[in-house]
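J.: Mind having a look at this structure? Questions to follow.
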Amino acid sequence: MTTAPPPEAPLGETPIQRALRLKQAALDARPRPPRGGKFQRQQAARAATGASKPWMSK
């Protein structure tokens with residue numbers, strides 16, 4: 001009895017290609033935080049450029 005690849009798998013797929021495809025599918029299925037918006041603006045406004053290295057200013 002032979003095991004056939006799943007229908008969504010291409011025929012000439014190597015094990016590494018299959019692992020990468022499955023990994024990408026798993027990553028795409030994970031929920032992600034929304035891009036842009038209030039949270040990112042707060043993060044960007046938290047520290048002004050150079051505020052963390054006061055010795056760098058003249």
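Bear in mind that the values in this text are calculations on the coordinates, not laboratory data. Source: prediction; values computed, not measured. Neighbour counts run over all protein chains shown; Cβ positions are idealised from the backbone, glycine included.
J.: Based on the Cβ-Cβ distance of ALA25 and MET56, what FRET efficiency does E = 1/(1 + (r/R0)^6) give at R0 = 30 Å, to the nearest 0.05?
T.: Numbers: r = 45 Å, r/R0 = 1.50.
After rounding, the FRET efficiency stands at 0.10.
J.: At 7 Å along the Cα-to-beta-carbon direction for both GLN17 and GLN42, put a label point, then send me their distance in nm to one decimal.
T.: If labels sit at GLN17 and GLN42, their model points lie 4.5 nm apart.
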